[in-house]
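S.K.: Input: one structure, supplied below.
Laboratory data are not the source of any read-out in this text; all were calculated from the coordinates shown. Not measured: the values here are computed from a predicted model. With ideal geometry, Cβ positions are generated from the backbone for all residues, glycine too; neighbour counts draw on all protein chains shown.
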Amino acid sequence: MSSEINPGEDVKTSWLIGGALAIAYAVFAHYVSVVTDLGAWFGFIQNVGINTALAFVFGRTLAAGRRPLVTKVAAMVHEEMSPALNRYTRQVTVAWTLFFTAYALVSAGLFFLAPVEAWSVFANILSLPLIAVMFLAENEVRKRTLPKHDQVGLVGTVRAVRAKFRR
């Protein structure tokens, strides 16, 4: 076996390695402020982790043969579930799954593509108002969609669930 040196291959290899290092350096330089800010990383992991986990918790109950999470909660409130209520609670479970998925995606997008301050405002200031808007929107849809006897509301639901767990 001969180990001939091919100058053309060495030059190509050098250019590839040099190019890869230049790209790696450019990416690192672009994200150096984010990479060095461990507090932002911990906040990001917590924020996206919680919302991804919530999306998973709601979403996995939508699989075939499973009872949607909101349907389980509604069953604690209503002795009998009408077909309309079953359908509605499934749709609300889908809505919350989509909400938490979208929230996690927007948070990740802002973290990597916008200034960390923009992500921080979204994650730390807008988080609770967005959840409140989701609850209010769901409440309005419930009022317009379900018959009165299927409507309990958030306070009534919390009371019923607490009473159920006390037993």
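S.K.: Taking the highest mean first, how do the peptides 57-67, 88-98 order by number of other beta carbon atoms within 10 angstrom per residue? Let's see the in-between values first.
M.R.: On the way: 57-67: 12.5, 88-98: 18.8.
Ranking, from highest mean packing down: 88-98, 57-67.
S.K.: Right, next: Using per-residue counts of other Cβ atoms within 10 Å, averaged over each peptide, order 75-82, 100-107 from highest down. Please list the in-between numbers first.
M.R.: Numbers: 75-82: 13.5, 100-107: 18.5.
Packing order, densest peptide first, comes out as 100-107, 75-82.
S.K.: How many angstrom lie between the Cα centre of the stretch 110-143 and the Cα centre of the stretch 85-100?
M.R.: That distance is 18 Å.
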